[in-house]
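A.B. asks: Quick one: structure below, then a few questions.
Every number here is computed from the coordinates shown, using simple stated rules; none is lab data. Computed from a predicted model, the values in this text were never measured in an experiment. Glycine gets a Cβ as well: all are built from the backbone with ideal geometry, and neighbour counts include every protein chain shown.
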Amino acid sequence: MSITIICTGNPVSSPAGKYSSEGFDRAVSAAQASGILPYSGRKFDPAGRSVLQGEGRLAAETAAQLILPGEFRVEALLNEIPVRSFTDTEKLYPVETWYRKAASQRKHGDPRQPESREQVIARAEALLDMISDTDCILVTGPLFLGELLDRLRIHNYVIQRTGVLKIQPLERFVISRKEEHCGGCQHNCFLSNPGCGVGRDKAMRRRSSSSTG
């Protein structure tokens, strides 16, 4: 299994500053409809793997600009989490406040948000079932990507990333299955085919020591 996840690029029209509820909703819609900032770096080689991207322009342009031509497929399960203003008001709030309060509503299943966290989790689980034991590249937005990474950790996948802390636009994540440590090497795990990487390393050192002794 070989899976790489790429976060969508920064939209040309990215929400910033303070907004009323109507202004915030317009800014979010404009960002989703806009393209991404131009990318001039090295393109990613899919190496024969299929590319699955969420619906919408951001995912499409990210895939087109970052990945060499290959088998591209639109997959709704990879769509970014929709965000709506948490209340109707003319009062101006920073964009961070709108996102934070929307996330709180989503977590508690408030119908104000188009998709609850339970629905997002179910979507992420359905995606994992679909790509299980396959080689692919996924392109999705940062909000859904964050939830997807949580589900991958819960299912004992190993996640390697190019950045730290907050997910960055165009950041890549390499996913692999976690190799469980069977614990046998704590006793006498010197078999020719131990059940985990730790045991194999110990067995290899044991064989090396025996051959040079």
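A.B. asks: At residue 172 and residue 76, where each label point lies 7 Å from the Cα along Cα→Cβ, what is the point-to-point distance in nanometres?
C.D. replies: In this crude spin-label approximation the distance works out to 3.1 nm.
A.B. asks: Using alpha carbons only, how many angstrom separate the centre of segment 115-173 from the centre of segment 22-94?
C.D. replies: 15 Å
A.B. asks: List the trypsin sites (Lys or Arg not before Pro) within segment 30-70 that DSSP assigns to loop and that have no more than 15 neighbouring Cβ atoms inside 10 Å.
C.D. replies: Answer in residue order: 42, 43.
A.B. asks: Summing Lys, Arg as +1 and Asp, Glu as -1, what charge do residues with Cβ under 13 Å from the Cβ of residue 19 carry, residue 19 excluded?
C.D. replies: 0
A.B. asks: Let me ask something else. Tell me, in nm to one decimal, what length is gained between residue 50 and residue 33 on full extension, where the rule is 0.36 nm per residue of separation less the Cα-Cα distance?
C.D. replies: In short, 3.6 nm is gained.
A.B. asks: Is segment 1-148 best put as rounded, prolate or oblate by its Cα gyration tensor, with a ≥ b ≥ c the root eigenvalues, rounded for a/c under 1.5, and otherwise prolate when a/b is larger than b/c, oblate when not?
C.D. replies: oblate
A.B. asks: Tell me, what is the Rg over Rh of segment 25-88, with Rh the Kirkwood radius over Cα pairs?
C.D. replies: 1.06
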